[in-house]
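Visitor: Starting off with a structure, shown below.
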Amino acid sequence: MIKKIEHLGIAVDDINESLKVYENLLGTSCYKEEIVESEGVKTAFLHVGESKIELLQATNSTSAIAKFLKKGRKGFHHVAFEVDDIDAELDRLKKLDFILIHQTPKDGADNKKIAFLHPKSTEGLLVELCQEK
Ligand code: ZN
C-alpha cells in the first residue's frame with residue numbers, strides 16, 4: 001500500500017549553495033547529509049511538515065543526476081512514495097505493466113529500501129518507492 005508522499009527529489013549542481021536557498025525558502029535546517037556511493041549521489045534532507053525535500057548532487061559524471069543535469073534539466077527530479085511493503089508493491093505494479101528500473105529493492109539514503117519506476121510507464125514522472133528499514 002502506498003502511504004504518502006515521503007519526499008520530492010531535487011537535482012542540484014552544488015548542494016551547499018542549494019541548501020542555503022532551500023533553508024531560507026523552508027525556514028528550516030538540513031537535518032541529514034549522506035553520500036550514496038552506489039547511486040553516485042550526495043544527498044541532503046530538509047523537513048517540510050510530514051514530507052521532505054531531498055537535494056541530490058552528483059558525485060561522479062556517470063551518476064543519473066549528472067546525466068539529468070547535462071540535459072539542462074536542473075530542479076525537480078523525482079517523487080518518492082512511502083510504502084508499507086516494497087516487495088509487494090513492486091510485484092503489484094509489475095503485474096500492472098509498470099516498468100521497474102530496479103527489479104528488487106536496494107539500499108537508499110535516509111535508512112530506506114528503495115526502487116524506481118521508469119517514467120515511460122508513469123506519464124513522464126520518475127517515481128521512487130521507499131520503505132523504512
Ligand atoms: Zn529520493
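Visitor: Check the stretch 68-82 and report whether any residue there is among the small types (G, A, S), in a strand (DSSP E or B) and at pLDDT 95 or above.
Guide: yes
Visitor: I would also like to ask the following. Step by step: first the residues of the stretch 112-127, then only those that are assigned to a loop (DSSP other than H, G, I, E, B) and among the hydrophobic types (A, V, I, L, M, F, W, C), then the one that is nearest to the ligand (Cβ to nearest atom). Which residue is that?
Guide: Per the stated criteria, the residue is L126.
Visitor: Can you tell me how many residues in the stretch 1-45 are more than 15 Å from the ligand (Cβ to nearest atom), surrounded by 14 or more Cβ atoms within 10 Å (Cβ to Cβ) and among the charged types (D, E, K, R)?
Guide: Residues in the stretch 1-45 being more than 15 Å from the ligand (Cβ to nearest atom), surrounded by 14 or more Cβ atoms within 10 Å (Cβ to Cβ) and among the charged types (D, E, K, R): 1 in total.
Visitor: Here's something else I'd like to know. Step by step: first the residues of the stretch 69-80, then only those that are crowded, with 18+ Cβ neighbours inside 10 Å and within 13 Å of the ligand (Cβ to nearest atom), then the one that is farthest from V21 (Cα to Cα). Which residue is that?
Guide: Looking at residues that are crowded, with 18+ Cβ neighbours inside 10 Å and within 13 Å of the ligand (Cβ to nearest atom), I get A80.
Visitor: For residues that are within 9 Å of the chain's Cα centre (by Cα) and free of Cβ contacts under 8 Å to residues at least 24 places away in the same chain, tally how many sit in the stretch 102-133.
Guide: 0
The values are calculated or read from the model by the stated rules, or taken from the named source; none is laboratory data. Treat the numbers as computed from the prediction; the structure is a model and nothing was measured. Cβ atoms come from the backbone with ideal geometry, glycine included; neighbour counts cover every protein chain shown.
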